[in-house]
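The values are calculated or read from the model by the stated rules, or taken from the named source; none is laboratory data. What you see is a predicted model, and the numbers here were worked out from it, not measured in a lab. Glycine gets a Cβ as well: all are built from the backbone with ideal geometry, and neighbour counts include every protein chain shown.
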Amino acid sequence: MRHQLDPIFRPKSVAVIGASTRKGTIGRETLHNILVAEFNGKVFPVNPKAPVIHSIKAYSTILDVPDAVDLAIVIIPKEFVIDVARQCGEKGVKGLVVMSAGFSEVGPEGKRRETKLLEVIHEYGMRMIGPNCFGVVNTNPEVSLNATFGKTFAKQGRIGFITQSGAMGEAIINQAKETGIGFSFVASIGNKADISSNDILDYLKDDPDTDIILMYLENFGNPLNFTRIAREVSRNKPIVAVKSGRTKLGAKAASSHTGALAGLDVGVDALFEQTGVMRVDTVEELFDVAAALSMQPIPKGNRVAVVTNAGGPGILATDALINNGMEMPALSPSTVSKLKGFISSEASFSNPLDLVAGAGGDEFRLTLDTLKNDKRYDSIIPIFVPPVTIDQLDVARNIYESVKDSRKTILACFMGAGESSEGIEFLKDHNIPVYIFPEAIAKTLAAISNHNKWLARPRGKLKNFKVNSDLVRQLIKSALDSGRRAVVGEDAIEILGAYGIPAAGYRYAFSAKEAVTVANKIGYPVVMKINTPPILHKTEFGGVMVDLRTDKEVRDAFTELKKRVGTTEKTGRFSVAMQRMISGGIETVMGMTIDPSFGPLIMFGLGGIYVEVMKDVSFKINPLTDANAREMIESIRSYPLLTGFRGAPPVDLGTLQETLLRLSQLVSDFDCFAEIDINPFIASPDRGLCKAVDARFIIKECVL
């Protein structure tokens with residue numbers, strides 16, 4: 001076999017260890033499914049208590065099977081799985097699907113059992129799906145394997161489906177058959193002790209029977225591997241995923257703006273966005289997108305025409321499409337002229353095009369004949385609300401006859417037609433997806449449109465700047481040696497400078513008189529901040545005075561700040577840090593936080609004191625390419641402020657992009673930062689005035 005997973009997905013022989021004679025048991029139903037699907041290979045039931053199962057000779061152990069066995073399906077009590085796995089290794093079995101439960105999903109004891117099982121798998125060079133899984137399916141007639149205990153055999157198609165939940169796997173297979181969606185492969189990975197979703201994704205990458213990949217995930221194994229594999233696969237095969245766990249409680253409180261803004265699911269969104277994976281929120285949306293991708297050509301753009309026989313659904317469709325970023329160009333004059341030749345004068349002749357309630361199959365066909373040739377549109381949505389007097393099946397047939405040779409994407413909506421509608425079944429049988437409500441079509445087209453935009457993006461390159469990493473190493477070591485976990489003030493500015501990130505430097509004053517002297521040297525207006533005692537969030541504490549323009553204001557500010565914090569023997573003399581106030585720019589924020597699953601996340605957004613209120617930020621997984629950095633800047637809602645708004649000059653976007661890349665390199669070079677805040681970073685039209693005003697680094701124990 002050419003691939004190490006072929007023994008599992010393309011076996012020539014299968015042993016069912018734990019096959020049973022009792023109906024309703026997993027052992028019996030799995031063997032039954034293999035036989036009913038007419039598996040194109042040898043099948044060996046293994047059960048020490050039954051000589052014959054399902055009219056097939058059974059064997060006491062896998063070692064008694066006289067022929068070679070590629071795949072063993074293990075369905076026995078958890079206590080015996082490890083010994084049976086060892087027997088499989090001795091037999092020369094190459095692949096295992098362990099359906100048995102009672103492993104890491106049940107706690108520490110189960111985790112230890114799973115570890116021992118994995119040791120046996122590795123010892124004999126086998127590969128394993130599971131434990132605690134639903135099984136695998138390959139619908140290719142040359143294989144025809146249904147090694148699951150579900151009630152439904154998947155319809156043959158060109159979609160590969162990876163699920164971490166066995167129950168969800170069975171439910172999705174059942175629903176897919178009702179929807180008319182077919183699969184090439186189904187893999188329920190369970191605890192993914194050995195084979196993970198990454199392994200199967202990589203396997204399906206080169207599978208000639210698979211054009212689209214669906215995923216139901218509860219957690220990631222190795223996000224870095226997923227990033228590498230998914231980015232490559234998405235270029236050729238669309239990936240659509242449901243990732244559960246958006247609202248898990250108990251996320252650890254963060255000490256930086258960046259950490260506070262990085263919600264539980266930010267890493268997942270960033271990962272999918274960077275790899276081109278289409279993320280949907282529900283299983284229903286998974287089917288919606290899958291149906292469109294598998295039955296219709298992928299639309300070339302986001303321009304949509306809507307044809308309906310009812311005004312209300314047309315308005316709903318318009319609202320949903322526009323709100324999801326789609327475009328609805330007006331009908332061209334030539335198209336309107338043609339339509340007036342056969343459509344009632346009461347029609348709207350706009351987009352959406354309302355044919356009015358009396359429109360039947362002929363009107364839909366003639367209208368679609370005209371619209372399918374209009375180059376203004378990439379997709380067409382026929383919406384039909386069936387009145388009593390109109391034959392649904394006739395409308396469906398006319399829709400199909402019109403668009404069957406069209407390269408445009410056709411997604412139909414039959415509202416109120418009923419589940420047993422002959423018209424809906426006819427369209428699905430002829431590869432035209434049918435949706436109950438137009439909002440579902442809008443979300444589907446938006447997901448596909450976003451994927452098309454991702455495909456059109458440049459891949460980007462990693463940059464490597466000349467930096468002073470030795471200085472950063474010294475500053476981190478000094479902080480750790482002194483027991484400090486936060487680097488602020490002058491040390492933080494030095495870290496930025498070492499990596500070429502422009503920053504406004506500090507000068508210090510220990511008295512009001514000295515503060516006035518400093519202010520006159522650096523030039524008014526100035527900003528004054530508490531320096532000692534060290535305070536992490538100075539603004540929240542009231543430890544920052546801005547726009548000080550006179551000597552008196554400087555003296556008063558020094559006195560007021562000293563009064564607010566006082567002095568202690570522990571902190572020594574009170575002092576302030578002073579900077580020349582930078583004005584005329586836009587405050588942005590940059591930072592980094594650690595996601596427990598995905599590692600460092602880089603943040604960019606609108607900054608200043610309102611950063612956590614506005615929450616206008618974007619995240620990406622480190623490291624950043626130059627394209628990633630540019631996308632982060634362009635993706636925030638306030639991006640127009642950076643490009644020039646109401647006559648204001650645009651800021652130096654090149655400096656922002658380069659600063660993000662330098663921050664990314666800093667994070668990549670040092671695994672010592674738990675969180676980083678550069679806030680604010682002043683974005684100015686003048687490159688020389690683009691500077692970080694304040695920064696703080698939260699550090700952790702690390703090897704330097």
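Here are the numbers for the structure shown:
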quantity: Selection status of A305, outside any loop (DSSP other than H, G, I, E, B), on the phi < 0 side of the Ramachandran plot and in contact with a Pro (Cβ under 7 Å, 6 or more places away or on another chain); calculated: no
quantity: Which listed residue, of L663, L656, is crowded, with 19+ Cβ neighbours inside 10 Å, at pLDDT 95 or above and within 17 Å of G608 (Cα to Cα); calculated: L656
quantity: Odd one out for R662 among (1) farther than 23 Å from R485 by Cα; (2) assigned to a helix (DSSP H, G or I); calculated: (1)
quantity: Residues that are without any contact (Cβ under 8 Å) to a residue 40 or more places away in the chain, among the small types (G, A, S) and buried (at least 23 other Cβ atoms within 10 Å of the Cβ), drawn from region 153-204; calculated: A154, S197
quantity: Counted residues, region 121-131 - those being in contact with a strand residue (DSSP E or B) (Cβ under 9 Å, 6 or more places away or on another chain) and surrounded by fewer than 24 Cβ atoms within 10 Å (Cβ to Cβ); calculated: 3
quantity: Condition check for R473: in a loop (DSSP other than H, G, I, E, B), among the charged types (D, E, K, R) and under 27 Å from C672 (Cα atoms); calculated: no
quantity: Subset of region 311-336 (residues that are in a helix (DSSP H, G or I) and of a type in the set (A, V, I, L, M, F, W, C)); calculated: I315, L316, A317, A320, L321, I322, V336
quantity: Qualifying residue in region 81-93 (condition: assigned to a strand (DSSP E or B) and of a type in the set (V, I, T)); calculated: no
quantity: Residue check for I441: more than 28 Å from the chain's Cα centre (by Cα), at pLDDT 95 or above and either surrounded by 24 or more Cβ atoms within 10 Å (Cβ to Cβ) or small (G, A, S) (or both); calculated: no
quantity: Considering residues of region 559-579 that are part of a strand (DSSP E or B) and out of contact with any strand residue (DSSP E or B) (no Cβ under 6 Å at 6 or more places or on another chain) only, the residue modelled with the lowest pLDDT; calculated: T568
quantity: Qualifying residue in region 57-70 (condition: modelled with pLDDT under 95, surrounded by fewer than 21 Cβ atoms within 10 Å (Cβ to Cβ) and either more than 21 Å from I189 (Cβ to Cβ) or not aromatic (F, W, Y) (or both)); calculated: no
quantity: Hits in region 162-171 - residues which are touching a strand residue (DSSP E or B) at 6+ places or on another chain (Cβ under 7 Å) and within 18 Å of E284 (Cβ to Cβ); calculated: T163, S165, M168, G169
quantity: Matching helices (runs of 4 or more DSSP H) fully within region 337-439 where at least 2 residues are assigned by TED's automatic domain parsing to the domain that holds L316 and among the small types (G, A, S); calculated: 392-403
quantity: Considering residues of region 126-150 that are within 26 Å of the chain's Cα centre (by Cα) and outside any loop (DSSP other than H, G, I, E, B) only, the residue farthest from I82 (Cα to Cα); calculated: V137
quantity: Counted residues, region 320-358 - those being within 28 Å of G416 (Cβ to Cβ), loosely packed, with under 13 Cβ neighbours inside 10 Å and within 43 Å of the chain's Cα centre (by Cα); calculated: 1
quantity: Flag if R630 is touching a helix residue (DSSP H, G or I) at 6+ places or on another chain (Cβ under 7 Å), more than 17 Å from E675 (Cβ to Cβ) and among the basic types (K, R); calculated: yes
quantity: Output for region 428-449, where each listed residue is in contact with an Asp or Glu (Cβ under 7 Å, 6 or more places away or on another chain) and closer than 13 Å to I298 by Cβ; calculated: T444
quantity: Residue in region 44-51 that is buried (at least 22 other Cβ atoms within 10 Å of the Cβ) and in a helix (DSSP H, G or I) present; calculated: no
quantity: Hits in region 32-89 (condition: among the β-branched types (V, I, T) and closer than 14 Å to S100 by Cβ); calculated: V46, I73, V74, I75, I76, V81, I82, V84
quantity: Selected residue (only one of V277, V307 is touching a strand residue (DSSP E or B) at 6+ places or on another chain (Cβ under 6 Å) and outside the structural domain of F384 (by TED's automatic domain parsing)); calculated: V277
quantity: Of all residues in region 378-404 being touching a Gly at 6+ places or on another chain (Cβ under 9 Å) and hydroxyl-bearing (S, T, Y), the one that is modelled with the lowest pLDDT; calculated: T389
quantity: Tally, over region 94-110, of residues that are assigned to a helix (DSSP H, G or I) and either in contact with a Ser or Thr (Cβ under 6 Å, 6 or more places away or on another chain) or free of Cβ contacts under 8 Å to residues at least 12 places away in the same chain (or both); calculated: 4
quantity: Any hit, region 624-635, residues being of a type in the set (S, T, Y), assigned to a helix (DSSP H, G or I) and within 20 Å of the chain's Cα centre (by Cα); calculated: yes
quantity: Failed condition for R279, given (1) among the charged types (D, E, K, R); (2) in a helix (DSSP H, G or I); (3) surrounded by 15 or more Cβ atoms within 10 Å (Cβ to Cβ); calculated: (2)
quantity: Hits in region 272-331 (condition: among the charged types (D, E, K, R) and in contact with a Ser or Thr (Cβ under 8 Å, 6 or more places away or on another chain)); calculated: E285, D288, R303
quantity: Failed criterion for A167 (all others in (1) part of a strand (DSSP E or B); (2) under 26 Å from A15 (Cβ atoms) hold); calculated: (1)
quantity: Extreme residue, surrounded by the most Cβ atoms within 10 Å (Cβ to Cβ), among residues of region 81-120 that are in contact with a helix residue (DSSP H, G or I) (Cβ under 6 Å, 6 or more places away or on another chain) and more than 22 Å from G166 (Cα to Cα); calculated: C88
